[in-house]
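The values are calculated or read from the model by the stated rules, or taken from the named source; none is laboratory data. Keep in mind the model is a prediction, meaning the values are calculated, not measured. We place every Cβ from the backbone using ideal geometry, glycine too, and count neighbours over all the protein chains shown. Surface accessibility is based on the protein's heavy atoms, side chains included, excluding ligands, DNA and RNA. Shrake-Rupley method; radii C 1.70, N 1.55, O 1.52, S 1.80 Å.
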Amino acid sequence: MRRPRFSVVVPTFNRREALERTLAGYERQDSSTPEFEVLVVDDGSTDDTGELLDGWRSDRFVLRVEHQSNRGPAAARNRALAVASGEVVLFTGDDIEPAEDLLLRHEQAQRASPNGETAYFGRIDWPSALPTTATMRHITGRGAQQFSFFYLEDGREYDYRHFYTSNVSIPRQLLDREPELFSEAFPAAAFEDAELAFRLARHGLRLRYLAGARAWHWHHYDASSFFARQERCGEMAHLLLRMHPETGREIDLRVLSGFRWRSFLIAGIGRGRLRRLSLDLPARTAEALAAANDLDGGSDTDAAPLLQALFRFGFLAGATRRLYPPPVARRVEAALFGDLIEAPLTRALRRSA
């Protein structure tokens, strides 16, 4: 059997409807696309994902399915790579629908790469049929908390943080220079891809933006659901920093050290404002999330200040909980909330009054 040009790697967990749309997108790939296989790793789904995969029949690609208990996307991708046979690997997600020329665009870029050491990450947009919230527009726009395309230039080279495993192709020979592949120390889908890219950069990896390789992200967010994601991202960022302290230049958690010292002051100022805030933090955070959710259906301009502050707070709070013991972490979070959230929250509440 001839070796396929591409192995498309898709980890999945309880997203049967989105996965069906994704697989259908690969059925529609341009007829001039070279031969490819799709490897789906069912990461312990409890919905009817298994039935979908068992019943899928394709004349367009070879579908290879692996099953495992729920261990996270890093472990799922490693499971796929253990059996993948393509010359180039395209990492994507179960809720990422490819454009019809997605693989062809990656193929053209990979063929033109002079040294076989370049990964190309493509563009990811919200589909026009998916209603968007102010949160969704913010995190892929000026906020850039999920993707940074708003600030990127087609063809430019970027660092390891942009190894977006929603739409990135990489030569298999380059991946094989790192025997560990994805670190399974990361239980969540955050920074496990950046951590691998950081290690691959030591082996010569270069990462370029390929704006013409487009895909659509079928995932709805409101302020509350993205805030929860940011908390997980903060936890995983702390893990990345612990594994590779030199990433501190880009994953800036150093600001937390200053808040730690302020937290000791909070503990000793009796019933001052920050002392009360540390005691009322869950209620105040819920109030901020409720205000942000109310703004989600309005204008982006009105929502942006609170969303920016809230998602920054969520990220730093997640890291704080990994960095400090609970009593200290709570006081650090109170100091963060006071600095980041109180002013934009007050303005948002006045606007809605």
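General remarks:
- Subset of the stretch 105-121 that is of a type outside the set (S, T, N, Q), open to solvent by 30 Å² or more (accessible area, probe 1.4 Å) and outside any helix (DSSP H, G or I) - its residue that is farthest from PHE91 (Cα to Cα): PRO114
- Note on the stretch 149-163: among residues that are open to solvent by 20 Å² or more (accessible area, probe 1.4 Å), of a type in the set (Phe, Trp, Tyr) and not in a strand (DSSP E or B), the one that is nearest to ARG5 (Cα to Cα) is TYR160.
- Note on the stretch 167-262: enclosed helices (runs of 4 or more DSSP H) holding 2 or more residues that are closer than 25 Å to LEU316 by Cβ are 192-201, 223-243.
- Residues in the stretch 35-49 that are open to solvent by 10 Å² or more (accessible area, probe 1.4 Å) and touching an Asp or Glu at 6+ places or on another chain (Cβ under 6 Å): there are none.
- For the stretch 126-148, a residue qualifies if it is open to solvent by 20 Å² or more (accessible area, probe 1.4 Å) and either among the aliphatic types (A, V, I, L, M) or farther than 19 Å from SER225 by Cβ (or both), and the qualifying residues are SER128, ALA129, LEU130, ARG142, ALA144, SER148.
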